[in-house]
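One structure is given below, encoded as structure tokens.
The values are calculated or read from the model by the stated rules, or taken from the named source; none is laboratory data. The model shown is predicted, which means the values in this text are computed figures rather than measured ones. Cβ coordinates were reconstructed from backbone atoms using ideal geometry, including for glycine residues, and neighbour counts include every protein chain displayed. Heavy atoms of the whole protein, side chains included, go into the accessibility calculation; ligands, DNA and RNA do not. Shrake-Rupley method; radii C 1.70, N 1.55, O 1.52, S 1.80 Å.
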Amino acid sequence: MASLPKRIIKETERLITDPVPGITAEPHDDNLRYFEVTVEGPVGSPYENGIFQLELYLPDDYPMEAPKVRFLTKIYHPNIDRLGRICLDVLKTNWSPALQIRTVLLSIQALLASPNPNDPLANDVAEDWIKDEEAAKQTAKKWSKLYATPKQ
Amino acid sequence: MKLDIKRVNPVFTWSWDTRDPAAAKDRQYPFLYNYYPVDVEKAHLENGNAVDGDEDEDVCGICRASYNGTCPSCKIPGDSCPLVAGLCHHHFHYHCIFRWLDTNTSKGLCPMCRQQFQLNSKLPINRPYLEKFESITKAIRERVFLDEAFDGNSQQEEYGNEMPSDSGGTGQERRSADQSDLEEDEEEQEDSFYGHLDVNIE
């Protein structure tokens with residue numbers, strides 16, 4: 001593997017010394033481009049109190065190319081499918097090299113707070129969301145409790 | 001010794017010592033000054049250059065290395081790794097912004113403000129690169145044009161209703177019907193795009 005660009009080293013250092021509240025990201029020992037991430041469900045959302053695990057990978061072309069991010073924890077959300085893939089503009093067409101790991105993770109946390117069923121990735125979830133938002137939120141809450149609650 | 005200054009190329013370099021703890025107390029956001037617990041003086045001596053943190057103004061927004069330093073693929077700062085200045089007042093290492101504009105995702109936009117990135121042609125430091133940027137922005141325009149044609153989300157206001165959202169073929173037919181002898185070279189070029197589309201869609 002080629003040596004790690006200084007930008008990645010700096011970002012990693014800052015993620016550890018000055019973490020974003022409610023978000024952790026730690027690089028893997030074997031591969032410093034692979035991060036184990038946790039994101040707390042935003043307060044006031046159906047995901048509140050949940051701790052969601054994600055994986056984040058910085059491609060060789062980073063920062064010219066967006067990081068690859070995926071939910072590992074099962075989640076009921078119209079913009080996240082059953083494989084954990086995320087439909088978020090800054091991860092695809094609206095990526096900019098001025099963004100960083102921390103801003104991407106913040107965007108993902110914000111996506112949990114404001115699901116967008118009109119631009120769905122998980123179609124069945126989005127349908128439920130549009131049909132009966134309250135019921136969908138209850139399901140999301142139930143799933144969070146079931147899958148995103150840390151084992152005591 | 002006497003020096004004659006023949007030419008001056010002003011380059012945007014400035015520094016603010018915002019990390020003075022005494023001054024920080026009176027600021028609006030004192031917590032911002034805790035980001036870099038390093039001794040700035042010492043770091044200066046060790047690295048031989050400014051401490052270039054993320055929140056600093058004087059780093060390239062793409063590689064986050066100092067303007068006075070180099071992009072990740074260069075070793076020697078200065079003429080071999082120059083800076084360029086955008087019309088939007090965002091500045092980058094020439095190599096960084098060029099690599100970004102060369103990607104498909106960039107769509108020719110500035111990474112910082114998402115406006116079309118254009119060099120400020122009035123600045124002498126940009127002058128050697130104007131031509132190269134002209135060629136890359138032309139390539140981007142062509143690419144964006146094709147992307148939008150394939151997407152079916154073509155921007156009607158920009159290309160007019162000659163651009164159908166479902167297929168390129170009908171567009172060309174309608175176009176040829178409208179064609180007059182007065183059409184300019186530029187439009188012929190667009191026609192060749194339609195031709196290209198036909199091949200790919202069918």
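Brief remarks follow.
- Extreme residue, modelled with the lowest pLDDT, among residues of the range B:38-77 that are in contact with a helix residue (DSSP H, G or I) (Cβ under 6 Å, 6 or more places away or on another chain) and of a type in the set (Val, Ile, Thr): B:VAL51
- The residue that is nearest to the chain's Cα centre (by Cα), among those in the range B:77-115 that are small (Gly, Ala, Ser) and at positive phi, is B:GLY108.
- Just one residue in the set A:VAL69, A:VAL125, A:VAL39, A:VAL43 is open to solvent by less than 70 Å² (accessible area, probe 1.4 Å), away from chain B (no Cβ under 14 Å), over 30 Å from B:VAL59 (Cβ atoms) and not aromatic (Phe, Trp, Tyr); that residue is A:VAL125.
Residue-wise test of (1) more than 13 Å from A:ALA98 (Cα to Cα); (2) open to solvent by 40 Å² or more (accessible area, probe 1.4 Å); (3) of a type in the set (Ser, Thr, Tyr); (4) touching a strand residue (DSSP E or B) at 6+ places or on another chain (Cβ under 6 Å).
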| residue | (1), (2), (3), (4) |
| --- | --- |
| B:ASP79 | yes, yes, no, no |
| B:TYR94 | yes, no, yes, yes |
| B:SER106 | no, no, yes, no |
| B:PHE117 | yes, no, no, yes |
| B:ARG143 | yes, yes, no, no |
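- Each residue in the range A:18-36 was checked for being loosely packed, with under 12 Cβ neighbours inside 10 Å and among the acidic types (Asp, Glu), and 2 pass.
- Residues (acidic (Asp, Glu), within 21 Å of A:ALA66 (Cα to Cα) and touching a Phe, Trp or Tyr at 6+ places or on another chain (Cβ under 9 Å)) located in the range A:34-56: A:GLU55
- The set of residues from the range B:108-144 being at pLDDT below 90 and among the basic types (Lys, Arg) comprises B:LYS122, B:ARG127, B:LYS132, B:LYS138, B:ARG141, B:ARG143.
- Residue in the range A:81-122 that is most open to solvent (accessible area, probe 1.4 Å), counting only those that are among the small types (Gly, Ala, Ser) and within 14 Å of another protein chain (Cβ to nearest Cβ): A:ALA98
- Residues (within 13 Å of chain A (Cβ to nearest Cβ) and small (Gly, Ala, Ser)) located in the range B:60-99: B:GLY61, B:ALA65, B:SER66, B:GLY69, B:SER73, B:GLY86
- The range A:1-28 residues that are hydrophobic (A, V, I, L, M, F, W, C), paired with ones that are not in a helix (DSSP H, G or I) (beta carbon under 6 Å, 6 or more apart): A:LEU4/A:LEU32; A:LEU15/A:ALA25; A:ILE23/A:VAL39; A:ALA25/A:PHE35; A:ALA25/A:VAL37
- Total residues in the range A:29-45, condition among the hydrophobic types (A, V, I, L, M, F, W, C) and in contact (Cβ under 8 Å) with a residue 40 or more places away in the chain: 3
- Identity of the residue in the range A:1-17, more than 19 Å from the chain's Cα centre (by Cα) and surrounded by fewer than 17 Cβ atoms within 10 Å (Cβ to Cβ), that ends up nearest to the other protein chains (Cβ to nearest Cβ): A:LYS6
- Positions within the range A:124-148 being among the aliphatic types (A, V, I, L, M) and part of a helix (DSSP H, G or I), in sequence order: A:VAL125, A:ALA126, A:ILE130, A:ALA135, A:ALA136, A:ALA140, A:LEU146
- Tally of residues being free of Cβ contacts under 8 Å to residues at least 24 places away in the same chain, among the β-branched types (Val, Ile, Thr) and assigned to a strand (DSSP E or B) across the range B:71-92: 0
- Residues of the range A:54-66 classified as within 14 Å of another protein chain (Cβ to nearest Cβ) and surrounded by fewer than 16 Cβ atoms within 10 Å (Cβ to Cβ), total: 4
- Hits in the range B:81-110 - residues which are among the hydroxyl-bearing types (Ser, Thr, Tyr) and under 20 Å from B:SER121 (Cα atoms): B:TYR94
- Extreme residue, most open to solvent (accessible area, probe 1.4 Å), among residues of the range A:128-152 that are touching a residue at least 24 places away in the same chain (Cβ under 8 Å) and polar (S, T, N, Q): A:GLN138
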